[in-house]
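K.L.:
Okay, here's the structure, questions in a sec.
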Amino acid sequence: TIPDSVKTIGQSAFSGCKQLKKAIIGNGVTTIEYYAFIECSNLESVTIGNSVKSIGGSAFESCGLKSIVIPDSVKTIGQSAFKLCGSLNSVTIGSGIKTIDYSTFSRCFNLSSVVIPDSVETIRSFAFENCYALTKVTIGSGVKQMDGFVFDHCSKLNKITFNGTVEQWNNISKDTTN
């Protein structure tokens, strides 16, 4: 349990802590830096406090997370932040996020559905690549740009719902590889 008095979880702070199973990040923390929990393979549960504004790249890469709730306070998530979380089956993305960065949820093999909130404007390449169990995606009406290969190798993906109008969909800058 990280107390409210802590403001930043530093780069690689818990990197490779194989015995860590649960983390509760206090409401004083505003920043989770790069690689903070990378390769905590038994980390199944993380509660992110409501003051976190930034999650660094690869912060939770290769963790054993089963679900994650990203609070509305989070404004940025770095690339590959949850990459290779093979047990991850549930993601709630808060309404503060504007960009889903490169490979953010790449290779989350058990992720079956995702709702991208209206606040998201950009989805970068490979954001959900190799999410083999992904069957349903809801894309919020705020999306203006989708880079290439966003859902690459998501072979079970059979339902994409867009929450905007046909005109909004047609105005999204979409790479032809999607």
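K.L.:
Which percent of the accessible area of region 84-144 is formed by carbon and sulfur heavy atoms (probe 1.4 angstrom)?
P.N.:
The value for region 84-144 is 46 percent carbon and sulfur by accessible area.
K.L.:
Work out how much length Gln11 to Thr47 would gain on full extension: take 0.36 nm times their residue separation and subtract the Cα-Cα distance, in nm to one decimal.
P.N.:
Details: separation 36, 0.36 × 36 = 12.96 nm, distance 1.84 nm.
Full-extension gain reported as 11.1 nm.
K.L.:
Can you bin region 41-84 into rounded, prolate or oblate? Criterion: square roots of the alpha carbon gyration tensor eigenvalues sorted a ≥ b ≥ c, rounded for a/c under 1.5, prolate for a/b above b/c, oblate for the rest.
P.N.:
Numbers: a/c = 2.61, a/b = 1.34, b/c = 1.95.
Here region 41-84 falls in the oblate category.
K.L.:
If you don't mind, another one. At 222 nm, what value in deg cm²/dmol follows for the chain if DSSP H runs of at least 4 each add -39500 (n - 2.57) and the sum is divided by all its residues, to the nearest 500?
P.N.:
Estimated from H runs of four or more residues: -1000 deg cm²/dmol.
K.L.:
Just how large is the dipole of the chain about the Cα centre, in debye to the nearest 20, putting +1 at every Lys and Arg Cβ and -1 at every Asp and Glu Cβ?
P.N.:
So the dipole magnitude of the chain works out to roughly 320 debye.
K.L.:
What figure, in Å² to the nearest 10, do you get for the accessible area of Glu121 with a 1.4 Å probe and non-protein molecules left out?
P.N.:
70 Å²
K.L.:
Another question, then. Want the number for Lys136 to Asp175: 0.36 nm per residue separation, take away the alpha-carbon distance, what's left?
P.N.:
12.0 nm
K.L.:
Give the residues of region 102-126 whose amide nitrogen is closer than 15 Å to a point set 7 Å from the Cα of His153 in the direction of its Cβ.
P.N.:
103-111, 126
K.L.:
If you don't mind, there's one more thing I want to ask. State whether region 1-130 is rounded, prolate or oblate according to the following rule on the C-alpha gyration tensor (a ≥ b ≥ c being the square roots of its eigenvalues): a/c under 1.5 gives rounded; otherwise a/b larger than b/c gives prolate, and the remaining case gives oblate. Please report the intermediate quantities before stating the final value.
P.N.:
Numbers: a/c = 1.63, a/b = 1.16, b/c = 1.41.
Here region 1-130 falls in the oblate category.
The values are calculated or read from the model by the stated rules, or taken from the named source; none is laboratory data. The model shown is predicted, which means the values in this text are computed figures rather than measured ones. For neighbour counting, all protein chains shown are included, and Cβ atoms are generated from backbone atoms with ideal geometry for every residue, glycine included. To get the accessible areas, we keep the full protein, side chains included, count just its heavy atoms, and leave off ligands, DNA and RNA. Shrake-Rupley method; radii C 1.70, N 1.55, O 1.52, S 1.80 Å.
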